[in-house]
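Enquirer: Quick one: the structure is below, questions incoming.
Here, each number is a calculation from the coordinates, and none is a lab measurement. Quick caveat: nothing in here was measured; it's all calculated off a predicted structure. Cβ coordinates were reconstructed from backbone atoms using ideal geometry, including for glycine residues, and neighbour counts include every protein chain displayed.
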Amino acid sequence: MIQHIVFYKWKADAPAANIEAAKAACRKLREIPGVTDFAEGKNVSPILHHDFTYGFSLKVKDAEGLKAYQAHPNHVAVAAVCRPNSAEIFVADLDC
């Protein structure tokens, strides 16, 4: 099982509408075949948050599932809307 975790630090000048569109695109990741345990939301950690204010996590079965997830049109759409509005993105894939 692979736990895929992503955090976003939005650009200070990113329009609120763009950020909401990015979050909506992220929520569509749960529709990708093979994705389980999807969760998303505001980062509320009071320590070591490094200004990453939003994130999501999901699980896929294995490395092949992760490759399929990354190639899926919903994931491609997330990258297209999130990257231009992000000052920084943190990604981790945990082998659980």
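Enquirer: Please check: in the Gaussian network model of the chain (C-alpha springs, under 10 Å), which one of ILE47, ILE19, ILE32 has the largest mean-square fluctuation.
Expert: Fluctuation is largest for ILE47.
Enquirer: Please give the Cα centre distance for region 40-82 versus region 1-31, rounded to the nearest Å.
Expert: 7
Enquirer: Candidates (i) 13.6; (ii) 13.1; (iii) 14.2; which is the computed Kirkwood radius over Cα pairs in Å?
Expert: Working out Kirkwood radius over Cα pairs in Å from the coordinates points to (i).
Enquirer: Right, something else. Please label the shape of region 41-96 as rounded, prolate or oblate, based on the square roots a ≥ b ≥ c of the eigenvalues of the alpha-carbon gyration tensor (a/c under 1.5 means rounded; beyond that, a/b larger than b/c means prolate, else oblate).
Expert: oblate
Enquirer: Tell me, what ³J(HN,Hα) does each residue in region 40-49 have, in order and in whole Hz, if you take phi through Karplus 6.51 cos²θ - 1.76 cosθ + 1.60 with θ = phi - 60° and put x for Gly and Pro?
Expert: 8, x, 6, 7, 10, 5, x, 10, 6, 7
Enquirer: Hey, another quick one. Explain nothing, just the number: relative contact order of the chain, from Cα pairs under 8 Å at least 6 residues apart, as a whole percent.
Expert: That works out to 52 percent.
Enquirer: Next question. Could you work out [θ]222 nm for the chain from helices alone, using -39500 (n - 2.57) per DSSP H run of at least four and dividing by all its residues? Round to the nearest 500 deg cm²/dmol.
Expert: -9500 deg cm²/dmol
Enquirer: Can I ask one more? Please state the charge dipole magnitude for the chain, taken about the Cα centre, from unit charges on C-beta atoms (+1 on K and R, -1 on D and E), reported in debye and rounded to the nearest 20.
Expert: The calculation lands at about 200 debye.
Enquirer: Here's another thing I want to ask about it. Over the chain, with a Gaussian network built from C-alpha contacts below 10 Å, which listed residue (VAL35, VAL44, VAL78) shows the highest mean-square fluctuation?
Expert: VAL44
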